[in-house]
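Presented below is the structure to which this report refers.
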Amino acid sequence: MEIIQLQKDDLKNALDLVWEVFEEFEAPDYSIEGIDEFRKFISYDSIADHFSKGNLIFWGCRDNAELTGIIATRGNNHICMLFVKKEYHRRGIARRLFQTVEERCKDQNSASNITVNSSPYAIEVYHRLGFIDTDKEQTVNGIRFTPMSYTL
């Protein structure tokens, strides 16, 4: 398995992976409003626009030619997406993707911490990566999240 920086041509495949994983693991914890809001957030046109402007950076894990997981950051240090296909869970892919973001932040001296607004499903994953809660769970436009931070 290899970690690569994704290009614009990879976005459709990456967003399909995100939606597939979201539907199975995240959507059951969300209201219809939250599901619709997330769907709008990951719309190809919106993501491609932010990607082209350099506002979003995507990394992917490939197993041969198959995309197995992705991480996306807004700027260098805010994780806005971290998703791994079900059949690849518990193989260290999320950790390897996160370590790629962590190394990039350290190399660029761009931040003292990495932040994320974790979904209920991913809280334990982020805790295992070393994140701490910085506030209680919140809901905005149906999206449930807990703000978290990782000190570099």
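The values are calculated or read from the model by the stated rules, or taken from the named source; none is laboratory data. Because the structure is predicted, anything quoted here is derived from the model rather than measured. Calculation scope for accessible area: heavy atoms of the full protein, side chains included, ligands and nucleic acids excluded. Shrake-Rupley method; radii C 1.70, N 1.55, O 1.52, S 1.80 Å.
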- Query: Taking a probe of 1.4 Å, how large is the accessible area per residue of the chain, in Å²?
  - Reply: 53 Å²
- Please figure out what share of the DSSP beta bridges in the chain is antiparallel and state it in percent, rounded to the nearest 5. 95 percent
- Task: Could you tell me the accessible area of PHE41 in Å² (1.4 Å probe, neighbours in place), rounded to the nearest ten?
- Result: 70 Å²
- Can you pull the percent of the chain's accessible area that's carbon plus sulfur, 1.4 Å probe, other chains left in place? 45 percent
